[in-house]
Amino acid sequence: MEEEIEQALSVETGRRGETMLAPQEVHKMLALQALGWGAKRISRELGCSRNTVREYLRRGGWRPMEVGGRSGALAPHGEWLAERLRRHRGNADVVRQDLARELGIEVSLRTVQRAVAPLRRELRAEALATVRYETAPGQQLQIDFGSTSVMVDGQPQRVHLFVATLGYSRRCYVAVFLHERQSAWLQGLEGALRHFGGVTHELLVDNARALVDVHDARTREVRFNDRFHAFCRYWGVTPRACAPYRARTKGKDERGVGYVKRNAIAGHCFDSIEALQAHLTRWMREIADTRVHGTTGETPLARFERVEAAALKPLPAKAPFLQVRELTRRVHTDACIELDTNRYSVPWRLIGESVTVIVAERQVRILYAGQQVACHAQSPLRRTSVIERAHLVGIVGAQFTGVTWLPRMPAPTPAVAPELLRPLEQYEAALGGGW
């Protein structure tokens, strides 16, 4: 019994130097008192002083030891410290500088750190606290990109995985790309909509530069990229951006990216990128859709077919967004509109006016007041100018350097005079016969 007591004993020195016993030790002490043992005998049995035994018997049980302390110079400024610590994001040294400059209190950094220690713990807890956010069927689709290295044709290849996850059923869609430019985001999204056979009410995205131009962390003001915003209007979905520096607000898809890397990609080799995409398609159908999800307790496909499929908005019968685009542009002073870094001419009398630009089937059609005023072949290059001469007629001193002119019909080949067309026999006779 003495060995068990020694193992259970926890010693802590209090303000007056007395020992503080563990709760189970005090319970043992009270049990021995109930058997008629005195303080002296209990002290010998437990290996502690009689004064300690008498103190705990007087209290009638275990209580935390009262440790004395003195009020420091920062005690009256608790609210001020809390406000400044939040303002400076937990930087105690900056708070110390504010103390000296504004309140005239000169203390060490260690003093400030001890004073704000409870506040810093609260800040860390707030930063880590996450409330699970469940969405209704058909309400939300979360998208994200993740990159990894894959063996393709015997060589390591860096690939980018587009992952889209339905918020309710957790059904996912995966596509592989060689980059994360805006075209990859839009193609991946359209692939996901067709894979699920419908459109969700909202789209939750990260603050990728290809999609979001500005997201103020303080005011939560969001300005989406114009082209991405046009894409969302085209398919009838409302975009939302998760809070800056809090990617876990999009946690379903964050975990989905990791799941794809660990389960679908790890340890595999592929002959080509096309073989990798075919593998991912089979993996979605045979593995991802049929596994029992740890949160919902159902397979994503069963949960999707049972509830979420009917909640999606019907998928419009439209061409891919990247093939048909409708934009609004203002005509610049050089009688051109700008599109994808290229410039296309319009009649110069429309300078300063807003026109509608329709991009389809590799053509750029420009309309003003519903009437087509220009039509150009879409340039495959970047930072070039496509100009039609007739649009600039009337502009004095127009300069046309660095311009890609529209193709013109070649000039007709001049006719050869009939008298110059002689049979070869005449030339052979003049030279003395054939070879």
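Each reported figure results from applying straightforward, stated rules to the coordinates on display, with no laboratory input. These numbers were taken from a predicted model, which means no experiment stands behind them. Every residue, glycine among them, receives a Cβ derived from its backbone with ideal geometry; neighbour counts consider all protein chains shown.
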**Request:** Only residues of the range 332-347 count here: report those whose backbone N is under 20 Å from the spot 7 Å along Cα→Cβ of GLN372, or say none.
**Result:** 336-339, 343-347
**Asked** ARG223 to SER354: FRET efficiency via 1/(1 + (r/R0)^6), r the Cβ-Cβ distance, R0 22 Å, to the nearest 0.05?
**Response** 0.65
**Label-point separation, ARG285 to ALA302 (7 Å along Cα→Cβ), nm** = 2.1 nm
**Request:** Quick one: which residues, 5 or more positions from VAL205 or on another chain, have an amide H under 5 Å from its amide H? H modelled 1.01 Å from N in the peptide plane, none for Pro or chain starts.
**Result:** ARG240, ALA241, CYS242
**Fill in**
Largest first and rounded to whole Å, the semi-axes √(5λ) derived from the alpha carbon gyration tensor of the range 140-314 read 25, 21, 15
**Message:** Check which residues have an amide H placed less than 5 Å from SER385's amide H, if you skip close sequence neighbours.
**Reply:** ARG343, THR404
**Complete:** Given a Förster distance of 35 Å, the FRET efficiency implied by the Cβ-Cβ spacing of GLU274 and LEU123, rounded to the nearest 0.05, works out to 0.10
**Request:** Report ³J(HN,Hα) in whole Hz for each residue of the range 91-104, in order, from the Karplus equation J = 6.51 cos²θ - 1.76 cosθ + 1.60 where θ = phi - 60°; Gly and Pro get x.
**Result:** 7, 5, 5, 5, 4, 4, 5, 5, 4, 5, 6, 9, 10, x
**Item:** Cβ charges +1 (Lys, Arg) and -1 (Asp, Glu), total dipole of the range 76-128, debye
**Value:** 220 debye
**Prompt:** Given a Förster distance of 35 angstrom, what is the FRET efficiency for THR328 paired with GLN155, based on the Cβ-Cβ distance and rounded to 0.05?
**Reply:** 0.20
**Asked** Which value in nm describes the separation of the simple spin-label points at ALA73 and ALA31, placed 7 Å from the Cα toward the beta carbon?
**Response** 5.2 nm
**Asked** Which residues does a label at LEU315 reach in the range 175-218, if reach means a backbone N under 20 Å from a point 7 Å past the Cα toward the Cβ?
**Response** 175-177, 183-204
**Asked** When ranked by the protection proxy of mean other Cβ atoms within 10 Å per residue, highest first, what sequence do the peptides 339-352, 269-282 form?
**Response** 339-352, 269-282
**Message:** Could you give the length gained by full extension between ARG233 and ASP340, i.e. 0.36 nm per residue of separation minus their alpha carbon distance, to one decimal place?
**Reply:** 36.6 nm
**Request:** Run the dipole for the range 216-369 about the Cα centre, Lys and Arg Cβ at +1, Asp and Glu Cβ at -1, nothing else charged, and hand back the magnitude in debye, nearest 20.
**Result:** 480 debye
**Item:** Placed amide H near GLU298: partners under 5 Å, 5+ positions off or other chain
**Value:** HIS293
**Asked** Once label points are set 7 Å from the Cα along Cα→Cβ at both ARG383 and ASP213, what is their separation, rounded to one decimal in nm?
**Response** 2.1 nm
**Prompt:** GluC sites (Glu not before Pro) within the range 155-223: which are DSSP loop residues with at most 15 other Cβ atoms inside 10 Å?
**Reply:** GLU221
**Prompt:** By its C-alpha gyration tensor, with a ≥ b ≥ c as the square roots of the eigenvalues, how is the range 324-405 shaped: rounded for a/c under 1.5, else prolate for a/b larger than b/c, else oblate?
**Reply:** oblate
**Request:** Using the Karplus curve 6.51 cos²θ - 1.76 cosθ + 1.60 with θ = phi - 60°, work out ³J(HN,Hα) for each residue of the range 78-84 in order, rounded to whole Hz, and write x for Gly and Pro.
**Result:** x, 5, 4, 4, 5, 5, 5
**Prompt:** Classify the range 151-226: rounded, prolate or oblate, from the alpha-carbon gyration tensor (a ≥ b ≥ c, eigenvalue square roots; a/c under 1.5 rounded; otherwise prolate if a/b is larger than b/c)?
**Reply:** oblate
